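Here's the structure, in structure tokens; my notes come after.
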Amino acid sequence: MKQVFSCLLLAFGLFAGIAHAGDVVVFVLAATDKVIVTNSKGQQYRALPTQRLLQGHTVNVPKGQRFSVAVLGTGNRRVFTGPARLMVIADTVRVQVGSTPKVFPLAPADLDLIDQWVAVYARPRGIVSKDKQQEADSDLQALHPVDGSLLLTRNPEFLFKGDLPREGNLMLFDAKGKRFWVEPLESEYLTLPPAARFEWGQSFTWEVRRLTGGRVVHGSFHIASEETARALLQARVPDTPNALPESKLFYGMRLQLAGAYKEASEVWESLKIQLTPQGQPLPLQADSLY
């Protein structure tokens, strides 16, 4: 009986160790462009904001480079300056080579943002996104508004990419499915005339149809309440040299989680990254290490 109990304890310990090793320890907040992460399989890639690092990951921070992370178990932000070599262990980041990091407390609102982000954007599992499926099924793509967007303006703008249907129309429908507006689609960029009166808080679906019939592409958007739009726009972090990249990141995350994808994409561009539809960060330009 004692042997069985010992085996059970050993199995539980091994399972707990494996589960712990798979937990997210670090959430990357900022990294200059030469900071490199190596995972447990020896694969290397650039450190980018919103990446999550697990136990066993190592990070190389060259001289003059900066690496800022949230250590999730502590609620602190740690900023490392190169040269440094770091190892992610079970509950923190260990400095193997280099100086001691600067440590700052994270605001509860920022910790909540990180928790929401990790919950919404899981690690990639090879899922085909709606955008990719739409791209495969149609020669016309809607770049803006992204399907499901929250708009912070009462003046929607549409931007398409691809082959416009001959004599096609953009059709908008209100939340009850009633036709709201029809506008000829004559160019990839389209705005609607003042006669199309949009109000705060309204929801719409839209589709591009051929004159001969048949839907080419479709989507939806919601216009924010005036209070929500004002709050999100007033919280904007100026894109200036003195603005902390961490502050810009948190603002971009807030916009993204709210569905304000257009404004969020402007923040990602200022941080020199882009997000996949699953929320995975990529360098804004092609990088051989990613």
Quiz item: What is the range 36-106's relative contact order, in percent, from Cα pairs under 8 angstrom and six or more apart in sequence?
Solution: 27 percent
Quiz item: Quick one: net charge of residue 25's neighbours, Cβ under 13 Å, K/R +1, D/E -1?
Solution: +1
Self-check item: Spin-label proximity, residue 272 to the range 216-249 - amide N less than 18 Å from point 7 Å beyond Cα toward beta carbon
Solution: 239-249
Quiz item: Taking 0.36 nm per residue of separation and subtracting the Cα-Cα distance, what length does fully extending residue 164 through residue 118 add?
Solution: 12.8 nm
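Rule-based calculations on the coordinates, nothing more; no lab input. All figures in this text were calculated on a predicted structure; none of them were measured in a lab. Quick reminder, even Gly has a Cβ in these numbers, built from the backbone with ideal geometry, and neighbours come from all protein chains shown.
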